[in-house]
1. Using 0.36 nm times the number of residues separating GLU166 and ARG96, minus their current alpha carbon distance, what extension gain do you get?
2. Using Cα centres only, tell me the gap between segment 3-42 and segment 100-120 in whole Å.
3. Once label points are set 7 Å from the Cα along Cα→Cβ at both SER14 and ASP88, what is their separation, rounded to one decimal in nm?
4. FRET efficiency for SER6 and HIS158, Cβ-Cβ distance as r, R0 = 25 Å, nearest 0.05?
Amino acid sequence: MSQQPSWQVKNEGSFASVSITLPPSSGFHCESDAVITMSQNVDVRGAMSGGILAGLARAFLTRESFFTTVVQNNSPNQSGDALIASSDPGGVTLHRLIRGEEMVLTSGAYLAADEAVNVSSSMQSPFSMFGNYSGTGVFLLRASGQGTLAISAYGSMHKYILSPGEKRNVD
């Protein structure tokens, strides 16, 4: 089994970035235009995550990019690294998704994730008071799978660790 990338938030605050150390033959995916720099053995390419329909849904319904960026360490025996940041100034936090867990993100919050994390568009109820009046919209992003998820926001971020079954409303 291959090693997972190692993620670290740099310059926490208004202009945060994320440094990712990539073990041999590992990679991650991120929002279009998030990559700032990478080592010479790391390849960056655009891809349609989930196919044409998923790309169209992501682009038109959530205002995310049609393409995602795939960052891959092509070396079979050397580590590589990449530095990414959101196109908007603000904070970044890392969340470790465990198998069976899902996280719902508002448009623009997805920055990057491990290869085993799936990010897709999701529709909340059109009759939801939250979606219709909060400014988040009816279409959101849903992250699932297992691995690290980098989340960005315009402004600062505060992370709460919830007990099993505990819910927290965000206004």
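Here, each number is a calculation from the coordinates, and none is a lab measurement. Since the model is a prediction, treat every value here as computed from it, not as a measurement. Cβ sites come from the backbone with ideal geometry, for glycine too, and all protein chains shown count toward neighbours.
1. That works out to 23.4 nm of additional length.
2. 15
3. The answer from the label model is 1.6 nm.
4. Calculated value: 0.60.
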